[in-house]
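Step one of this worksheet: look at the structure below.
The values are calculated or read from the model by the stated rules, or taken from the named source; none is laboratory data. Worth saying up front: this structure is predicted, and the values here are computed from it rather than measured. Quick reminder, even Gly has a Cβ in these numbers, built from the backbone with ideal geometry, and neighbours come from all protein chains shown.
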Amino acid sequence: MKSFQAKLKTKVVAAATAVIAASGLSASLPALAWEPTKPVEFVVPAGTGGGADQMARLMQGIIVKHKLMNQSLIVVNKSGGAGAEGFLSVKEAKGDPHKIIITLSNLFTTPLATGVPFNWKEMTPVSMMALDQFVLWTNAEKPYKTAKEYIEAVKAAGPNKMKMGGTGSKQEDQILTVGLEKATGTKFIYVPFKGGGEVAVQLVGGHVDSSVNNPAEAVAQWRAGKLRALCVFDDTRLPYKAKVTDTQSWNDIPTCKEAGVPADYVMLRGIFAAPGISADQVKYYVDLMNKIRATPDWKEYMEKGAFNQTFMTGADFNKWLAAAEDNHRNLMKEAGFLAK
């Protein structure tokens with residue numbers, strides 16, 4: 001009896017399946033979208049306290065607060081070799097959708113300067129989250145009130161007398177410093193540190209004379225009256241008009257060109273995944289980044305950190321990356337920073 005019932009049940013199920021297939025109903029059933037099945041490693045190819053580290057940890061916090069992922073996102077700093085350690089770890093994780101990385105412009109500068117076998121095309125571009133600005137900072141106890149006054153003081157001191165603090169060697173901060181030197185006829189002693197947070201602390205302590213830190217890396221010391229913002233390295237002023245210090249907003253900082261210092265430079269804050277992942281997996285992360293950007297926490301961070309909020313994915317992002325790589329190659333060639 002049981003055997004007969006089992007056979008009958010099998011025939012009924014088969015018949016029902018045939019009817020559904022014939023009617024085309026199966027085509028209308030939504031495919032299950034991919035999502036992580038274990039914790040996702042979020043690599044920061046830089047030290048702690050810098051702009052990329054701050055952004056990664058903010059994103060981690062937003063994801064937890066707003067329950068944007070079912071799995072956890074684990075931030076891991078891999079700063080060795082000017083970030084090469086982090087980039088190579090993602091490059092080597094081919095096909096693994098559970099590893100992503102936040103990128104600085106060392107995405108370009110590290111392989112160009114070191115010859116490490118890595119290129120951004122060997123990862124999967126997900127999205128540009130923002131472009132980060134650079135500001136010329138000095139210690140607030142020093143007499144320089146404008147960028148022009150500071151540059152004149154550097155010239156008066158003579159070559160290799162004044163110290164410029166920055167993150168890493170032959171990376172964004174030093175490239176910008178060389179550009180500043182060429183534009184103004186100055187020559188600094190460039191002092192590299194592991195991250196932008198350390199750079200700001202060293203400047204407050206008077207161990208260097210200036211820095212070209214990103215806004216988010218020095219905003220706490222600026223707000224506290226310890227640092228002075230002289231100019232922003234862009235062709236337009238920052239748009240944010242809410243007061244950050246007692247007297248100044250980001251918009252009150254002149255561009256370096258306005259201040260008579262003809263130099264500019266902006267830096268990528270982007271997200272990449274491991275190579276060889278599927279289109280559905282890329283879409284998951286693009287959607288996740290859009291959800292992060294929609295939160296009030298992110299919008300507040302963008303304003304406080306004075307970011308350029310350009311967002312790109314897909315072909316537009318790839319086109320931007322190719323142009324940025326060419327630009328960095330030209331800047332570094334001029335500075336003599338390319339690997340021999």
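Residue under question is Met129, and the condition is that it be crowded, with 22+ Cβ neighbours inside 10 Å, part of a helix (DSSP H, G or I) and in contact (Cβ under 8 Å) with a residue 40 or more places away in the chain; does it hold?
When the stated conditions are applied, Met129 does not pass them.
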TODO: Please enumerate the residues belonging to the stretch 239-283 that are among the polar types (S, T, N, Q) and either buried (at least 22 other Cβ atoms within 10 Å of the Cβ) or out of contact with any Ser or Thr (no Cβ under 7 Å at 6 or more places or on another chain) (or both).
DONE: Thr245, Thr247, Gln248, Ser249, Asn251, Ser278, Gln281
Task: helices (runs of 4 or more DSSP H) wholly inside the stretch 236-340 that include at least 1 residues being modelled with pLDDT under 90 and more than 14 Å from Pro125 (Cβ to Cβ) - done: 296-304, 314-335
Open item on the list: Taking the conditions exactly as written (in contact with a Ser or Thr (Cβ under 6 Å, 6 or more places away or on another chain), in contact (Cβ under 8 Å) with a residue 24 or more places away in the chain and either buried (at least 24 other Cβ atoms within 10 Å of the Cβ) or assigned by TED's automatic domain parsing to the domain that holds Gln281 (or both)), does Ala113 satisfy them or not?
Closed with: no
TODO: For the stretch 208-221, name all the residues that are under 20 Å from Val191 (Cβ atoms), over 17 Å from the mean Cα position of the chain (by Cα) and of a type outside the set (Asp, Glu).
DONE: Val208, Ser210, Ser211, Gln221
- [ ] Please tell me if Gly81 is farther than 27 Å from Asp316 by Cα and either without any contact (Cβ under 8 Å) to a residue 40 or more places away in the chain or under 14 Å from the mean Cα position of the chain (by Cα) (or both).
- [x] yes
Open item on the list: I want to confirm something. Restricting to the stretch 87-98 and keeping residues that are of a type outside the set (S, T, N, Q) and surrounded by fewer than 21 Cβ atoms within 10 Å (Cβ to Cβ), which single residue is nearest to Asp173 (Cα to Cα)?
Closed with: Leu88
